[in-house]
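Below is one structure, written out as structure tokens; comments come after it.
The values are calculated or read from the model by the stated rules, or taken from the named source; none is laboratory data. Model, not experiment: these values are computed from the prediction. Cβ: placed from backbone, ideal geometry, glycine included. Neighbour counts: every protein chain shown. Each accessible area value is taken on the protein alone, full model and side chains, heavy atoms only, with ligands, DNA and RNA left out. Shrake-Rupley method; radii C 1.70, N 1.55, O 1.52, S 1.80 Å.
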Amino acid sequence: MGTSKKQTGKPCITLVPIFNHLKEEEMADIMKVIQTKSFKKGERIFQAGDTSDTLFIVNRGQIKEYRLSESGKEQLVRILNPGDFTGELALFREGVHESYAEAMMNSGVCMITREDLQKFLMEYPSISFRILSEFSERLARSERQTTSLATEKVETRIAMFLGECVSSDDPKMVVELPMSKKDLASYLGTTPETISRKLAELEEQGYIQLETNRKVRILDLDGLLLV
């Protein structure tokens, strides 16, 4: 699965926040043990039941992480872009993956084993603080998502998602959806048809303007967040 080789440059650790604060010589030490692997669109990086002993860092492309329900329904956990990472729980305990990771396009991944990274955590304690910071952010996002799925109507979930995606620095207030409507539906706990219908309704109500299939212009952010 995928094609593997030793890393020769340092794009991975300069992209990911848990490493890019290190000094040049410290990053050089880490680069000696990092491996890279290329995956084609649709190819799995890992699956539920695989041994979990490696940190995966997205170097290029896009990866989706998801779980399967007992009925086989896919539930999207997160979308990983360059600089994002997964498999971090392997750093602290032995076990197996409970989710699946799949390339959404041709992608490159950098990998570092538990044994190697634990050694660097001892040498460079600042990495531990960066990882804990990322853990807290992911936990907060997970709790928001769980609460939203349990208590909010679909249009509110969509509105909240768009509000999180829009950049306050963008005067045009244009959101490019980071995933397909199928994946967005999985993430928000609904169906692609419902996503399309609710986006159309929000457009009719004057909150948004659908520019393309993946681009949404926010016309009334305050009103949208009150939907």
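Summary of computed values
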read-out	value
Kirkwood hydrodynamic radius of segment 1-114, from inverse mean 1/r over distinct Cα pairs, in Å	14.4
The chain - mean residue ellipticity at 222 nm from DSSP helices (-39,500 (n - 2.57) per run, n ≥ 4, rounded to 500)	-11500 deg cm²/dmol
Area projected by the alpha carbon convex hull of segment 67-167, averaged over all directions, nm²	8.8
For the chain, built as a Gaussian network whose Cα springs stay under 10 Å, the top-fluctuating residue of Arg114, Arg217, Arg93	Arg93
For the chain, Cys with no neighbouring Cys Cβ under 4.7 Å	Cys165
Most mobile listed residue (Cys110, Cys165, Cys12) in the chain, GNM with C-alpha springs under 10 Å	Cys165
About the Cα centre, charge dipole magnitude for the chain (Lys/Arg +1, Asp/Glu -1 at Cβ), debye	620
Estimated dipole of segment 149-193 in Debye, rounded to 20 [Cβ of Lys and Arg +1, of Asp and Glu -1, Cα centre]	160
Alpha-carbon Debye profile of the chain, log10 I(q)/I(0) at 0.11, 0.16 Å⁻¹	-0.63, -1.16
Accessible surface of Leu226 - all protein chains present, 1.4 Å probe, nearest 10 Å²	150
Cα convex hull volume per residue for segment 160-227 (Å³)	81
Net dipole in debye of segment 116-220 [+1 Lys, Arg Cβ; -1 Asp, Glu Cβ; about Cα centre; nearest 20]	220
